[in-house]
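Input: a single structure, listed below in structure tokens.
The values are calculated or read from the model by the stated rules, or taken from the named source; none is laboratory data. Only a predicted model underlies this, so the values are computations on that prediction, with no experimental measurement involved. When we count neighbours, we look across all protein chains shown, and the Cβ atoms used for this are built from the backbone with ideal geometry, even at glycine.
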Amino acid sequence: MNKMLHKSLFIGITALGLFAAAGVASSQTVSAKSKAVKVTKNYATKSAGADRNVIPTGNYAIYTKPGTVKGARMVASKGTLRGLAGSQNSKDYFRAYRVAKTNKGSWYAKVVTFDYKNRGWIYVGKTNPDDDWASVGFGLKHTETTHTAAMPGTTTVKLTNPGITNVLWNAPYRSQYRAEKTIDDTEPYGGENFTVTKSVEMTREGTPYYYIVNQDRPSIRGWIYAGAVIEQVPVPTDPVPNNVVFAKIIDADSGYEVGTPTLTNTNTSLTNAAAFLTTELGNGSTDEAKLGAYAPGYTYSTLSAADKSANYSAIANAAYGSTVTVKARLASKAPADTLVDATLANATK
């Protein structure tokens, strides 16, 4: 009987111990879960895209999730981000596009580089950055990808080399995330006048861009590399001084004007317009003098014999107050007969 009672008491005490242990384990599990970091808010930013251009400070890394959430993996270290922050290439700017808040009151921003190669979440402090991206801190700081630049002396311009190389954009190339072309081929607008309405430079590269509007077709507009246009200086209507020659430099391949300088002779030893013009544009067949100053990148040397002869005659017969037209070709372009000769030579190899 005593053995039976002893056994019953032992089983009862053991059961109570297991129950108590289970209770402690359960309370520890609940406590651990209550301390786990969770995302309580996660939404797409509401601010304008251009307001959300940022660069990393290099003080925090980028993760696949907000950094303190379980399972977050690093995708860009602090060292990598310091390198991107100091980059002189606009492709390395970041755009913030989502924000998240944890149950610990921490805010994170989801960002991506302009070239799409780096993407993830970074810590930005205890306040919502979408309220004021200009004041974002901790892992990020706001940046301006362009700055206002001086307008050209003459706001009426033409395209220097119409085609698919220098086209029109809704923002200067890589000054904004996903900048898009508005006109992807400017060939139909060669020879037409455009008005420059804005001028900026890229902050990192210093590349100049103009916002241009077609004077006859205002819907044709956008940002273009400033080196892809040439100013159109109007010919004065007042009496022309007796030491001025107006010049037109024509692209031999496209027929478009690539230079329209007004040339003023201040050298009294040059007694006639032809002698003066030769010092400014050469004789029309060789590249000495100052052709490059008026039509950068252009040359006479690859012109046909007929074009060289026409240039020579135009310059030799120049008169003050008149307009002299000469042809030139981009140095990077070979004349058609040279291309044919090269094709035939390759075909025989």
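The conditions of being in contact with a Lys or Arg (Cβ under 9 Å, 6 or more places away or on another chain), part of a loop (DSSP other than H, G, I, E, B) and either in the same structural domain as M202 (by TED's automatic domain parsing) or of a type in the set (D, E) (or both) are met by D115.
Taking the listed residues A305, A318, A293, the one that is farther than 19 Å from I230 by Cβ, without any contact (Cβ under 8 Å) to a residue 60 or more places away in the chain, aliphatic (A, V, I, L, M) and in the same structural domain as D253 (by TED's automatic domain parsing) is A305, with no other qualifying. Looking across S106, S87, S77, one residue alone is closer than 21 Å to A36 by Cβ and at pLDDT 95 or above. It is S106. Kindly check whether there is at least one residue in region 150-159 that is outside the structural domain of T45 (by TED's automatic domain parsing), of a type outside the set (G, A, S), part of a loop (DSSP other than H, G, I, E, B) and touching a Phe, Trp or Tyr at 6+ places or on another chain (Cβ under 8 Å). Scanning region 150-159 turns up at least one residue that is outside the structural domain of T45 (by TED's automatic domain parsing), of a type outside the set (G, A, S), part of a loop (DSSP other than H, G, I, E, B) and touching a Phe, Trp or Tyr at 6+ places or on another chain (Cβ under 8 Å).
Residue-by-condition table, conditions (1) assigned to a helix (DSSP H, G or I); (2) touching a Phe, Trp or Tyr at 6+ places or on another chain (Cβ under 8 Å):
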{"site": "G255", "(1), (2)": "no, no"}
{"site": "N267", "(1), (2)": "no, yes"}
{"site": "L277", "(1), (2)": "yes, no"}
{"site": "D287", "(1), (2)": "no, yes"}
{"site": "P296", "(1), (2)": "no, no"}
{"site": "T302", "(1), (2)": "no, no"}
{"site": "A306", "(1), (2)": "yes, no"}
{"site": "Y312", "(1), (2)": "yes, no"}
{"site": "A319", "(1), (2)": "no, no"}
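Taking the criterion of being surrounded by fewer than 16 Cβ atoms within 10 Å (Cβ to Cβ), in contact (Cβ under 8 Å) with a residue 60 or more places away in the chain and over 15 Å from D131 (Cα atoms), the residues of region 41-97 that qualify are N59, S87, Q88, N89, K91. Check whether at least one residue in region 51-59 is of a type in the set (A, V, I, L, M, F, W, C) and modelled with pLDDT of 95 or more, and report yes or no. Checked region 51-59: at least one residue is of a type in the set (A, V, I, L, M, F, W, C) and modelled with pLDDT of 95 or more. Taking the listed residues T156, T195, T143, the one that is hydroxyl-bearing (S, T, Y), surrounded by fewer than 20 Cβ atoms within 10 Å (Cβ to Cβ), farther than 25 Å from G259 by Cα and in contact (Cβ under 8 Å) with a residue 24 or more places away in the chain is T143, with no other qualifying.
Yes/no matrix, rows are residues, columns are (1) assigned to a strand (DSSP E or B); (2) surrounded by 20 or more Cβ atoms within 10 Å (Cβ to Cβ); (3) outside the structural domain of S47 (by TED's automatic domain parsing):
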residue	(1), (2), (3)
A109	yes, yes, no
N166	no, no, yes
A171	no, yes, yes
Q176	no, yes, yes
S199	yes, no, yes
